[in-house]
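The values are calculated or read from the model by the stated rules, or taken from the named source; none is laboratory data. Note that this is a predicted model, so its numbers are computed, not measured. Note that we place each Cβ from the backbone using ideal geometry, even for glycine, and neighbour counts take in every protein chain shown. Side chains are part of the model used for accessible areas, which takes the heavy atoms of the whole protein and leaves out ligands, DNA and RNA. Shrake-Rupley method; radii C 1.70, N 1.55, O 1.52, S 1.80 Å.
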Amino acid sequence: MQLDLSEEQVQIRDAVRQLCVSEFAPHARRWDQESHVPRAAIERLAEQGFLGMAIPEAWGGIGYDSRTITVVLEEISRVSAALGIMIAVHNSVGALPVFRFGTDEQRRRFLPPLVSKELGAFSLSEPGAGSDAGAIQSTAVLEGDHYVLNGTKNWVTNGSHAGVYLIFARTDREAGSRGLSTFIVERGARGLVVGKTEDKMGLRGSDTVTLSLEGLEVPVSQRLGAEGDGFKIAMSMLDAGRIGVAAQAIGVMQAAFEESVKYAQQREAFGGPIAKIQAVQFKLAEMERRLQCARLLARRAAWLKDTDQPHTRAASVAKLYASEAATWVTHQAIQVHGGYGYVKEYAVEQLYRDARVMEIYEGTSEIQRLVIARSLLREGVAV
Ligand SMILES: Cc1cc2nc3c(=O)[nH]c(=O)nc-3n(C[C@H](O)[C@H](O)[C@H](O)COP(=O)(O)OP(=O)(O)OC[C@H]3O[C@@H](n4cnc5c(N)ncnc54)[C@H](O)[C@@H]3O)c2cc1C
(Lines give C-alpha, C1' and ligand atoms only; values in the text may rest on other atoms or scores of the structure.)
Protein backbone atom coordinates (compact mmCIF):
# COMPACT_ATOMS: atom_id res chain seq x y z
CA MET A 1 0.00 0.00 0.00
CA GLN A 2 1.39 3.38 -1.03
CA LEU A 3 0.64 5.79 1.83
CA ASP A 4 3.47 8.31 1.47
CA LEU A 5 2.99 11.12 -0.98
CA SER A 6 5.09 10.96 -4.14
CA GLU A 7 7.47 13.81 -4.97
CA GLU A 8 4.93 15.13 -7.46
CA GLN A 9 2.12 14.99 -4.89
CA VAL A 10 4.27 16.89 -2.39
CA GLN A 11 4.87 19.59 -5.03
CA ILE A 12 1.15 19.79 -5.78
CA ARG A 13 0.33 20.01 -2.05
CA ASP A 14 2.86 22.78 -1.50
CA ALA A 15 1.59 24.75 -4.51
CA VAL A 16 -2.05 24.43 -3.41
CA ARG A 17 -1.11 25.37 0.14
CA GLN A 18 0.69 28.47 -1.10
CA LEU A 19 -2.33 29.48 -3.19
CA CYS A 20 -4.80 28.87 -0.37
CA VAL A 21 -2.78 30.59 2.34
CA SER A 22 -1.93 33.66 0.27
CA GLU A 23 -5.18 34.18 -1.64
CA PHE A 24 -8.04 32.55 0.30
CA ALA A 25 -7.06 32.48 3.98
CA PRO A 26 -7.22 36.29 4.38
CA HIS A 27 -10.89 36.22 3.28
CA ALA A 28 -12.23 32.97 4.74
CA ARG A 29 -13.62 34.57 7.92
CA ARG A 30 -15.39 37.25 5.89
CA TRP A 31 -16.86 34.61 3.57
CA ASP A 32 -18.34 32.98 6.67
CA GLN A 33 -19.71 36.28 8.00
CA GLU A 34 -21.16 37.28 4.63
CA SER A 35 -22.37 33.73 3.83
CA HIS A 36 -20.80 33.91 0.42
CA VAL A 37 -17.72 32.65 -1.40
CA PRO A 38 -17.07 34.98 -4.34
CA ARG A 39 -16.98 33.66 -7.88
CA ALA A 40 -13.36 34.90 -8.16
CA ALA A 41 -12.21 32.15 -5.77
CA ILE A 42 -13.77 29.48 -7.99
CA GLU A 43 -12.21 31.09 -11.06
CA ARG A 44 -8.80 31.02 -9.39
CA LEU A 45 -9.15 27.29 -8.73
CA ALA A 46 -10.46 26.76 -12.25
CA GLU A 47 -7.32 28.44 -13.68
CA GLN A 48 -5.24 25.81 -11.90
CA GLY A 49 -7.37 23.02 -13.37
CA PHE A 50 -9.00 22.12 -10.05
CA LEU A 51 -12.49 21.92 -11.53
CA GLY A 52 -11.29 18.99 -13.63
CA MET A 53 -9.30 17.06 -11.03
CA ALA A 54 -11.20 13.80 -11.51
CA ILE A 55 -11.50 14.07 -15.30
CA PRO A 56 -8.83 12.57 -17.59
CA GLU A 57 -6.68 14.90 -19.68
CA ALA A 58 -8.20 13.50 -22.86
CA TRP A 59 -11.48 15.07 -21.75
CA GLY A 60 -10.00 18.39 -20.69
CA GLY A 61 -9.32 17.63 -17.02
CA ILE A 62 -6.03 17.28 -15.16
CA GLY A 63 -6.61 13.60 -14.34
CA TYR A 64 -5.47 13.46 -10.72
CA ASP A 65 -5.78 10.16 -8.92
CA SER A 66 -7.88 9.94 -5.79
CA ARG A 67 -4.92 10.33 -3.41
CA THR A 68 -3.89 13.59 -5.07
CA ILE A 69 -7.48 14.89 -5.02
CA THR A 70 -7.57 14.09 -1.29
CA VAL A 71 -4.45 16.17 -0.75
CA VAL A 72 -5.90 19.15 -2.67
CA LEU A 73 -9.25 19.02 -0.85
CA GLU A 74 -7.48 18.86 2.50
CA GLU A 75 -5.45 21.98 1.72
CA ILE A 76 -8.47 23.96 0.50
CA SER A 77 -10.56 22.92 3.52
CA ARG A 78 -7.73 23.86 5.87
CA VAL A 79 -8.27 27.50 4.98
CA SER A 80 -11.96 27.43 3.97
CA ALA A 81 -14.18 24.42 4.54
CA ALA A 82 -16.93 26.25 2.61
CA LEU A 83 -14.77 26.45 -0.50
CA GLY A 84 -13.69 22.87 0.23
CA ILE A 85 -17.21 21.45 0.03
CA MET A 86 -18.01 23.44 -3.11
CA ILE A 87 -14.99 22.00 -4.92
CA ALA A 88 -15.40 18.52 -3.43
CA VAL A 89 -19.04 18.21 -4.49
CA HIS A 90 -18.27 19.63 -7.93
CA ASN A 91 -15.44 17.18 -8.62
CA SER A 92 -16.63 13.97 -7.01
CA VAL A 93 -20.39 13.98 -7.54
CA GLY A 94 -20.86 16.78 -10.08
CA ALA A 95 -18.37 16.34 -12.93
CA LEU A 96 -17.14 12.77 -12.37
CA PRO A 97 -20.51 11.02 -12.92
CA VAL A 98 -20.82 12.74 -16.31
CA PHE A 99 -17.50 11.24 -17.31
CA ARG A 100 -18.13 7.85 -15.69
CA PHE A 101 -21.69 7.25 -16.89
CA GLY A 102 -22.11 9.71 -19.77
CA THR A 103 -22.22 8.89 -23.45
CA ASP A 104 -19.49 10.46 -25.59
CA GLU A 105 -22.06 12.99 -26.79
CA GLN A 106 -22.92 13.95 -23.19
CA ARG A 107 -19.23 14.15 -22.30
CA ARG A 108 -18.53 16.40 -25.30
CA ARG A 109 -21.35 18.74 -24.37
CA PHE A 110 -21.20 18.93 -20.57
CA LEU A 111 -17.58 18.29 -19.58
CA PRO A 112 -15.96 21.36 -21.21
CA PRO A 113 -17.93 23.87 -19.10
CA LEU A 114 -17.57 21.69 -15.99
CA VAL A 115 -13.78 21.42 -16.18
CA SER A 116 -13.22 25.07 -17.05
CA LYS A 117 -15.69 27.36 -15.29
CA GLU A 118 -19.04 25.97 -14.16
CA LEU A 119 -19.73 24.23 -10.86
CA GLY A 120 -21.66 20.98 -10.80
CA ALA A 121 -24.43 20.13 -8.32
CA PHE A 122 -25.73 16.75 -7.16
CA SER A 123 -29.40 16.76 -6.32
CA LEU A 124 -30.38 13.49 -4.65
CA SER A 125 -31.93 14.48 -1.31
CA GLU A 126 -35.55 15.50 -0.83
CA PRO A 127 -37.52 16.79 2.16
CA GLY A 128 -38.79 13.24 2.78
CA ALA A 129 -35.80 11.27 1.50
CA GLY A 130 -32.33 11.85 2.97
CA SER A 131 -30.73 8.70 4.40
CA ASP A 132 -33.49 6.75 2.68
CA ALA A 133 -32.63 7.97 -0.82
CA GLY A 134 -34.61 5.12 -2.38
CA ALA A 135 -37.78 6.86 -1.15
CA ILE A 136 -37.42 9.78 -3.60
CA GLN A 137 -40.82 11.11 -4.68
CA SER A 138 -39.91 13.50 -7.52
CA THR A 139 -41.16 12.06 -10.77
CA ALA A 140 -39.84 11.96 -14.33
CA VAL A 141 -42.50 10.99 -16.86
CA LEU A 142 -41.52 10.14 -20.42
CA GLU A 143 -43.46 12.15 -23.02
CA GLY A 144 -42.15 11.48 -26.52
CA ASP A 145 -38.52 12.62 -26.79
CA HIS A 146 -38.34 14.19 -23.34
CA TYR A 147 -39.10 13.59 -19.67
CA VAL A 148 -41.20 15.93 -17.55
CA LEU A 149 -39.84 16.30 -14.02
CA ASN A 150 -41.91 17.43 -11.03
CA GLY A 151 -41.08 17.52 -7.33
CA THR A 152 -38.97 19.16 -4.66
CA LYS A 153 -35.28 18.59 -3.98
CA ASN A 154 -33.41 20.05 -1.03
CA TRP A 155 -29.95 20.48 0.45
CA VAL A 156 -28.42 21.13 -2.97
CA THR A 157 -24.82 22.28 -2.50
CA ASN A 158 -23.77 24.81 -5.22
CA GLY A 159 -27.47 24.86 -6.13
CA SER A 160 -27.96 28.61 -6.60
CA HIS A 161 -25.22 29.05 -9.18
CA ALA A 162 -24.25 25.65 -10.58
CA GLY A 163 -23.92 25.39 -14.36
CA VAL A 164 -24.89 21.72 -14.46
CA TYR A 165 -27.19 19.78 -12.11
CA LEU A 166 -27.47 16.03 -11.77
CA ILE A 167 -31.05 15.47 -10.67
CA PHE A 168 -32.42 12.17 -9.43
CA ALA A 169 -36.11 11.44 -10.01
CA ARG A 170 -38.47 8.48 -10.11
CA THR A 171 -39.21 6.96 -13.52
CA ASP A 172 -41.01 3.92 -12.07
CA ARG A 173 -43.42 4.29 -9.15
CA GLU A 174 -43.46 0.60 -8.30
CA ALA A 175 -39.76 -0.27 -8.46
CA GLY A 176 -38.46 1.32 -5.20
CA SER A 177 -34.78 2.23 -5.41
CA ARG A 178 -34.59 0.53 -8.83
CA GLY A 179 -37.11 3.04 -10.15
CA LEU A 180 -34.81 6.08 -10.01
CA SER A 181 -33.05 7.73 -12.95
CA THR A 182 -30.51 10.54 -13.28
CA PHE A 183 -30.87 13.62 -15.47
CA ILE A 184 -28.37 16.26 -16.57
CA VAL A 185 -29.97 19.70 -16.38
CA GLU A 186 -28.39 23.05 -17.22
CA ARG A 187 -28.76 26.26 -15.24
CA GLY A 188 -31.68 28.34 -16.45
CA ALA A 189 -33.71 25.40 -17.77
CA ARG A 190 -37.42 26.33 -17.73
CA GLY A 191 -39.09 24.61 -14.78
CA LEU A 192 -35.90 24.42 -12.67
CA VAL A 193 -36.71 26.88 -9.89
CA VAL A 194 -34.09 27.74 -7.28
CA GLY A 195 -35.79 28.23 -3.91
CA LYS A 196 -34.67 29.20 -0.43
CA THR A 197 -31.04 29.20 0.67
CA GLU A 198 -30.52 27.42 4.00
CA ASP A 199 -29.29 29.56 6.92
CA LYS A 200 -26.69 27.10 8.16
CA MET A 201 -24.69 26.71 11.35
CA GLY A 202 -21.40 26.29 9.47
CA LEU A 203 -19.97 26.16 5.95
CA ARG A 204 -21.83 29.42 5.61
CA GLY A 205 -19.95 30.55 2.54
CA SER A 206 -21.24 27.56 0.58
CA ASP A 207 -24.80 27.80 -0.68
CA THR A 208 -27.28 25.03 0.07
CA VAL A 209 -30.65 25.44 -1.62
CA THR A 210 -34.03 23.93 -2.31
CA LEU A 211 -34.95 23.23 -5.94
CA SER A 212 -38.48 22.97 -7.32
CA LEU A 213 -38.99 20.91 -10.43
CA GLU A 214 -42.05 22.45 -12.05
CA GLY A 215 -42.81 20.66 -15.29
CA LEU A 216 -39.08 20.67 -16.07
CA GLU A 217 -38.61 19.21 -19.56
CA VAL A 218 -35.40 17.21 -20.02
CA PRO A 219 -34.59 15.61 -23.38
CA VAL A 220 -34.09 11.84 -23.33
CA SER A 221 -30.55 12.54 -24.59
CA GLN A 222 -29.82 14.13 -21.17
CA ARG A 223 -30.66 11.04 -19.13
CA LEU A 224 -27.42 9.80 -17.53
CA GLY A 225 -27.18 6.02 -17.74
CA ALA A 226 -30.16 3.76 -18.33
CA GLU A 227 -33.62 4.23 -16.87
CA GLY A 228 -33.59 2.74 -13.38
CA ASP A 229 -29.82 3.21 -12.90
CA GLY A 230 -30.16 6.32 -10.74
CA PHE A 231 -29.73 4.71 -7.32
CA LYS A 232 -26.73 2.69 -8.52
CA ILE A 233 -25.10 5.82 -9.97
CA ALA A 234 -25.74 7.80 -6.77
CA MET A 235 -24.36 5.12 -4.45
CA SER A 236 -21.26 4.45 -6.56
CA MET A 237 -20.44 8.18 -6.72
CA LEU A 238 -20.87 8.53 -2.97
CA ASP A 239 -17.84 6.27 -2.44
CA ALA A 240 -15.63 8.93 -4.01
CA GLY A 241 -17.64 11.66 -2.28
CA ARG A 242 -17.05 10.11 1.13
CA ILE A 243 -13.28 10.05 0.66
CA GLY A 244 -13.66 13.73 -0.21
CA VAL A 245 -15.59 14.42 3.00
CA ALA A 246 -12.82 12.68 4.97
CA ALA A 247 -10.33 15.03 3.29
CA GLN A 248 -12.45 18.07 4.18
CA ALA A 249 -12.64 16.91 7.81
CA ILE A 250 -8.86 16.40 7.91
CA GLY A 251 -8.29 19.92 6.59
CA VAL A 252 -10.54 21.44 9.26
CA MET A 253 -8.93 19.29 11.96
CA GLN A 254 -5.43 20.28 10.86
CA ALA A 255 -6.36 23.96 11.12
CA ALA A 256 -7.92 23.52 14.59
CA PHE A 257 -4.89 21.53 15.77
CA GLU A 258 -2.42 24.16 14.56
CA GLU A 259 -4.43 26.95 16.19
CA SER A 260 -4.51 24.99 19.46
CA VAL A 261 -0.76 24.32 19.56
CA LYS A 262 -0.02 27.97 18.80
CA TYR A 263 -2.45 29.25 21.41
CA ALA A 264 -1.28 26.82 24.09
CA GLN A 265 2.28 28.08 23.66
CA GLN A 266 1.23 31.73 23.90
CA ARG A 267 -1.43 31.73 26.61
CA GLU A 268 -0.09 31.99 30.13
CA ALA A 269 -1.74 30.72 33.31
CA PHE A 270 -0.31 29.84 36.73
CA GLY A 271 3.04 31.38 35.84
CA GLY A 272 3.73 29.82 32.45
CA PRO A 273 2.32 28.82 29.07
CA ILE A 274 -0.66 26.47 29.31
CA ALA A 275 1.26 24.15 26.92
CA LYS A 276 3.30 23.16 29.98
CA ILE A 277 0.20 21.82 31.73
CA GLN A 278 -0.17 18.08 31.23
CA ALA A 279 -3.97 18.20 30.84
CA VAL A 280 -3.50 20.55 27.87
CA GLN A 281 -0.64 18.47 26.46
CA PHE A 282 -2.85 15.39 26.52
CA LYS A 283 -5.47 17.20 24.47
CA LEU A 284 -2.85 18.17 21.89
CA ALA A 285 -1.46 14.63 21.80
CA GLU A 286 -4.92 13.18 21.29
CA MET A 287 -5.60 15.67 18.48
CA GLU A 288 -2.39 14.56 16.77
CA ARG A 289 -3.39 10.89 17.13
CA ARG A 290 -6.84 11.37 15.60
CA LEU A 291 -5.49 13.56 12.83
CA GLN A 292 -2.85 11.01 11.85
CA CYS A 293 -5.31 8.11 11.96
CA ALA A 294 -7.84 10.00 9.83
CA ARG A 295 -5.24 10.90 7.21
CA LEU A 296 -4.00 7.31 6.95
CA LEU A 297 -7.55 5.97 6.59
CA ALA A 298 -8.37 8.52 3.88
CA ARG A 299 -5.18 7.72 1.98
CA ARG A 300 -5.88 4.00 2.26
CA ALA A 301 -9.39 4.39 0.86
CA ALA A 302 -8.06 6.58 -1.94
CA TRP A 303 -5.29 4.10 -2.72
CA LEU A 304 -7.81 1.24 -2.95
CA LYS A 305 -9.86 3.34 -5.36
CA ASP A 306 -6.79 4.29 -7.41
CA THR A 307 -5.82 0.63 -7.73
CA ASP A 308 -9.34 -0.39 -8.79
CA GLN A 309 -9.99 -2.42 -5.65
CA PRO A 310 -13.30 -2.48 -3.77
CA HIS A 311 -13.33 0.62 -1.56
CA THR A 312 -16.90 1.15 -0.37
CA ARG A 313 -16.14 -0.05 3.16
CA ALA A 314 -12.81 1.78 3.36
CA ALA A 315 -14.44 5.02 2.15
CA SER A 316 -17.12 4.72 4.84
CA VAL A 317 -14.54 3.92 7.53
CA ALA A 318 -12.48 6.96 6.49
CA LYS A 319 -15.50 9.29 6.33
CA LEU A 320 -16.91 8.06 9.64
CA TYR A 321 -13.61 8.28 11.49
CA ALA A 322 -12.45 11.59 10.03
CA SER A 323 -15.78 13.39 10.52
CA GLU A 324 -16.15 12.25 14.14
CA ALA A 325 -12.49 13.07 14.79
CA ALA A 326 -13.02 16.56 13.32
CA THR A 327 -15.97 17.15 15.65
CA TRP A 328 -13.88 16.01 18.61
CA VAL A 329 -10.76 17.96 17.66
CA THR A 330 -12.61 21.21 17.02
CA HIS A 331 -14.54 20.77 20.28
CA GLN A 332 -11.26 20.33 22.20
CA ALA A 333 -9.68 23.21 20.28
CA ILE A 334 -12.30 25.52 21.80
CA GLN A 335 -11.55 24.02 25.23
CA VAL A 336 -7.84 24.77 24.82
CA HIS A 337 -8.74 28.37 23.94
CA GLY A 338 -11.04 28.74 26.97
CA GLY A 339 -13.49 31.65 26.64
CA TYR A 340 -11.56 33.05 23.68
CA GLY A 341 -12.48 29.94 21.69
CA TYR A 342 -16.13 30.86 22.02
CA VAL A 343 -15.91 34.18 20.21
CA LYS A 344 -15.66 34.90 16.51
CA GLU A 345 -12.33 36.67 16.86
CA TYR A 346 -10.64 33.27 17.09
CA ALA A 347 -10.63 30.84 14.17
CA VAL A 348 -11.63 27.78 16.21
CA GLU A 349 -15.17 29.11 16.68
CA GLN A 350 -15.77 28.82 12.93
CA LEU A 351 -13.88 25.53 12.60
CA TYR A 352 -16.16 23.97 15.24
CA ARG A 353 -19.27 25.05 13.31
CA ASP A 354 -17.81 23.97 9.96
CA ALA A 355 -16.83 20.50 11.19
CA ARG A 356 -20.21 19.46 12.56
CA VAL A 357 -22.02 18.77 9.31
CA MET A 358 -19.38 16.34 8.11
CA GLU A 359 -21.01 13.69 10.32
CA ILE A 360 -24.23 14.31 8.41
CA TYR A 361 -23.84 14.89 4.68
CA GLU A 362 -22.95 12.22 2.11
CA GLY A 363 -24.40 9.72 4.60
CA THR A 364 -24.73 10.26 8.35
CA SER A 365 -22.43 8.47 10.80
CA GLU A 366 -25.26 6.00 11.45
CA ILE A 367 -25.52 5.21 7.74
CA GLN A 368 -21.72 4.77 7.49
CA ARG A 369 -21.93 2.23 10.33
CA LEU A 370 -24.68 0.39 8.46
CA VAL A 371 -22.58 0.33 5.26
CA ILE A 372 -19.54 -0.95 7.15
CA ALA A 373 -21.47 -3.61 9.08
CA ARG A 374 -23.30 -4.88 6.00
CA SER A 375 -20.04 -5.07 4.08
CA LEU A 376 -18.12 -6.95 6.77
CA LEU A 377 -20.97 -9.39 7.34
CA ARG A 378 -21.26 -10.02 3.60
CA GLU A 379 -17.59 -10.05 2.60
CA GLY A 380 -15.84 -10.98 5.83
CA VAL A 381 -13.69 -8.98 8.21
CA ALA A 382 -10.68 -7.06 6.88
CA VAL A 383 -7.21 -8.30 7.79
C1 LIG B 1 -24.84 21.42 4.43
C2 LIG B 1 -25.46 20.25 3.71
C3 LIG B 1 -25.14 20.02 2.40
C4 LIG B 1 -25.75 18.97 1.71
N5 LIG B 1 -25.49 18.81 0.37
C6 LIG B 1 -26.20 17.88 -0.33
C7 LIG B 1 -26.07 17.80 -1.77
O8 LIG B 1 -25.29 18.53 -2.39
N9 LIG B 1 -26.86 16.93 -2.43
C10 LIG B 1 -27.74 16.10 -1.78
O11 LIG B 1 -28.42 15.31 -2.46
N12 LIG B 1 -27.86 16.14 -0.42
C13 LIG B 1 -27.11 17.01 0.30
N14 LIG B 1 -27.26 17.08 1.68
C15 LIG B 1 -28.21 16.19 2.34
C16 LIG B 1 -27.57 15.16 3.24
O17 LIG B 1 -26.93 14.17 2.47
C18 LIG B 1 -28.67 14.61 4.16
O19 LIG B 1 -28.98 15.63 5.09
C20 LIG B 1 -28.25 13.35 4.87
O21 LIG B 1 -28.13 12.28 3.96
C22 LIG B 1 -29.26 12.94 5.97
O23 LIG B 1 -30.57 12.97 5.51
P24 LIG B 1 -31.71 13.75 6.36
O25 LIG B 1 -31.18 15.11 6.65
O26 LIG B 1 -32.98 13.63 5.62
O27 LIG B 1 -31.79 12.98 7.72
P28 LIG B 1 -32.64 11.64 8.02
O29 LIG B 1 -32.38 10.65 6.94
O30 LIG B 1 -34.04 12.03 8.29
O31 LIG B 1 -31.95 11.14 9.35
C32 LIG B 1 -32.30 11.66 10.65
C33 LIG B 1 -31.58 10.79 11.67
O34 LIG B 1 -32.04 9.43 11.58
C35 LIG B 1 -30.92 8.57 11.39
N36 LIG B 1 -31.28 7.46 10.52
C37 LIG B 1 -32.05 7.47 9.40
N38 LIG B 1 -32.14 6.24 8.88
C39 LIG B 1 -31.40 5.43 9.65
C40 LIG B 1 -31.12 4.04 9.64
N41 LIG B 1 -31.58 3.23 8.70
N42 LIG B 1 -30.33 3.54 10.63
C43 LIG B 1 -29.84 4.35 11.61
N44 LIG B 1 -30.10 5.67 11.67
C45 LIG B 1 -30.87 6.20 10.72
C46 LIG B 1 -29.86 9.46 10.72
O47 LIG B 1 -28.56 8.90 10.86
C48 LIG B 1 -30.06 10.75 11.46
O49 LIG B 1 -29.38 10.70 12.68
C50 LIG B 1 -26.64 18.11 2.38
C51 LIG B 1 -26.93 18.34 3.75
C52 LIG B 1 -26.37 19.39 4.41
C53 LIG B 1 -26.73 19.63 5.85
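Restricted to the range 269-370, the set of helices (runs of 4 or more DSSP H) holding at least 1 residues that are within 16 Å of the ligand (Cβ to nearest atom) and either of a type in the set (Lys, Arg) or at pLDDT below 95 (or both) comprises 312-337, 347-356. Under the condition of being crowded, with 17+ Cβ neighbours inside 10 Å and within 20 Å of the chain's Cα centre (by Cα), the residues counted in the range 46-64 number 11. Contact annotation: residue pairs with Cβ atoms under 7 Å, 6 or more positions apart or on different chains, pairing a residue in the range 200-220 that is near the ligand (Cβ under 10 Å from one of its atoms) with a partner that is among the aromatic types (Phe, Trp, Tyr) and assigned to a strand (DSSP E or B), are THR208/TRP155. Among the candidates GLY151, GLY130, GLY176, GLY134, the residue that is under 30 Å from VAL71 (Cα atoms) and either among the basic types (Lys, Arg) or within 16 Å of the ligand (Cβ to nearest atom) (or both) is uniquely GLY130. From (1) within 25 Å of PHE168 (Cβ to Cβ); (2) in contact with a Phe, Trp or Tyr (Cβ under 6 Å, 6 or more places away or on another chain), pick out the condition that doesn't hold for SER92. Condition not satisfied by SER92: (2). The residue that is farthest from ILE367 (Cα to Cα), among those in the range 103-130 that are basic (Lys, Arg) and surrounded by 17 or more Cβ atoms within 10 Å (Cβ to Cβ), is ARG109.
Of the residues contained in the range 86-98, none is found to be without any contact (Cβ under 8 Å) to a residue 24 or more places away in the chain, more than 24 Å from TYR346 (Cα to Cα) and in a helix (DSSP H, G or I).
The residue that is nearest to ARG290 (Cα to Cα), counting only those in the range 354-383 that are touching a Lys or Arg at 6+ places or on another chain (Cβ under 8 Å) and of a type in the set (D, E, K, R), is GLU362. Within the range 31-45, the set of residues being open to solvent by less than 20 Å² (accessible area, probe 1.4 Å) and either within 17 Å of ALA162 (Cα to Cα) or touching a Cys at 6+ places or on another chain (Cβ under 6 Å) (or both) comprises VAL37, ALA41, ILE42, LEU45. Yes or no: ILE243 assigned by TED's automatic domain parsing to the domain that holds TRP328, assigned to a helix (DSSP H, G or I) and away from the ligand (no atom under 16 Å from the Cβ)? Taking the combined requirement at face value, the residue does not satisfy it.
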